[in-house]
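Worksheet: the structure to be examined is printed underneath.
The values are calculated or read from the model by the stated rules, or taken from the named source; none is laboratory data. Here the structure is a predicted model, which is why all the values come from computation and not from measurement. Cβ placement follows ideal geometry from the backbone for every residue including glycine, while neighbour counts extend to all protein chains displayed.
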Amino acid sequence: MPKILNLNADNEEVLCTVAKALSSPDRIKIIKLLYYNSYNIGEIADLLQIPASTAALHVRILEGASLIHVEQQPGCRGSMKLCSRKNDFVNIRLNGLSTGVDQISTVSMPVGAYTDCKIIPTCGLADTNGYIGYEDRPGDFFLPARFNAQLLWSAGGFVEYKFPYGIESDVKLKQLVLTFEACSEAANYRENWKSDITIWINGHECGTWRCPGDFGARRGRLNPSWWENGVTQYGLLTTLTLTEKAAFINNEESSRTSLSDLSLKDNSFITVRIGNKDDAVYTGGFNLFGQKFGDYEQDINLSFIYQDAL
């Protein structure tokens, strides 16, 4: 994935620093030298046929503009500075930033891309072509083909996912929004089979949603033709919203867990767990639907609503 240095006209100091770094033909030549290889300052001076002191000055300016990376490495006589490319593109935004408009970034996670799970029969996995493994065998939830799953179900336990932190670290996060399609899990199906489905973010309990049933009285809008009648067909779209003050499930406050409780910027990923608590009033299991099963054409989506940093 290319590395991009994003700039905007509202930050004049940074923009001028980068512009100054790019204003010298010799510094452009140094960037070109680092397209594919890393060099120390002495090697750069030799290749460009300039004094080592001049090369060192150019390198310092390029490093200060975040255009190259410089690290100390052992050399024949003490240490040396090894230079390498830090960014592949410079993106300059000239239309400014509006502080009154929220931005949004969404990460979509397949239902089978869980990183941990506790599975209780009745259970199973399915994709658009058929079952993955066998029904009611929790061990089959670790088959490599699970990543193709479009539907998973378990009579209890949980599934856990790791999402990348989907925005830059210097922006102001206002809301974290998790959406997924789910229902309870009963043998075959039961329209009135309740289940208390709990959501945890980074180990913090964010609330419990009481699903009213395991729905199978009609076919799911997206279900493949091979999926038989008389079993689970679709779920309800569930939304967890975390704000600076509290957590909400389907617009009703579900806990006092807030964004500040999650220590989001201390980690490069966000852990999301969905399942039943051992002491839930209704331990009715869960079905999770991907974008090709059920009623809603989406996987498990985690959205970041934020304001750009100035």
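Quick rundown of the values:
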| quantity | calculated |
| --- | --- |
| Any hit, segment 218-235, residues being touching a residue at least 24 places away in the same chain (Cβ under 8 Å), touching a Ser or Thr at 6+ places or on another chain (Cβ under 9 Å), more than 19 Å from ALA149 (Cα to Cα) and in the same structural domain as VAL111 (by TED's automatic domain parsing) | no |
| Test: GLY96 is part of a loop (DSSP other than H, G, I, E, B) and either modelled with pLDDT under 95 or surrounded by 16 or more Cβ atoms within 10 Å (Cβ to Cβ) (or both) | yes |
| Residue match in segment 122-144 (condition: closer than 30 Å to LEU264 by Cα, modelled with pLDDT of 95 or more, touching a Phe, Trp or Tyr at 6+ places or on another chain (Cβ under 7 Å) and in a loop (DSSP other than H, G, I, E, B)) | no |
| Single unsatisfied condition, TRP227 versus (1) at pLDDT below 95; (2) within 25 Å of ASP136 (Cβ to Cβ) | (1) |
| Test: residue in segment 148-166 that is over 30 Å from ALA21 (Cα atoms), surrounded by 16 or more Cβ atoms within 10 Å (Cβ to Cβ) and among the β-branched types (Val, Ile, Thr) | yes |
| Pairs where the first residue, in segment 293-304, is farther than 13 Å from PRO164 by Cβ and the second is of a type in the set (S, T, N, Q) and in a loop (DSSP other than H, G, I, E, B), C-beta under 6 Å, 6+ apart | PHE293/GLN150; PHE293/ASN223; GLU297/GLN291; GLN298/GLN291; ASP299/GLN291 |
| Test result for LEU34, at pLDDT below 95, farther than 24 Å from ASP170 by Cβ, in contact with a Cys (Cβ under 8 Å, 6 or more places away or on another chain) and outside the structural domain of GLU168 (by TED's automatic domain parsing) | yes |
| Unmet criterion (only one of (1) of a type outside the set (Lys, Arg); (2) outside any loop (DSSP other than H, G, I, E, B); (3) within 30 Å of ILE305 (Cα to Cα); (4) in contact with a strand residue (DSSP E or B) (Cβ under 6 Å, 6 or more places away or on another chain)) for LEU62 | (3) |
| Strands (runs of 3 or more DSSP E) within segment 183-282 that include 3 or more residues among the aromatic types (Phe, Trp, Tyr) | none |
| Members of segment 284-310 found to be assigned to a loop (DSSP other than H, G, I, E, B) and modelled with pLDDT of 95 or more, listed by number | GLY284, GLY285, GLY290, GLN291, LYS292, PHE293, GLY294, ASP295, TYR296, GLU297, GLN298, ASP299 |
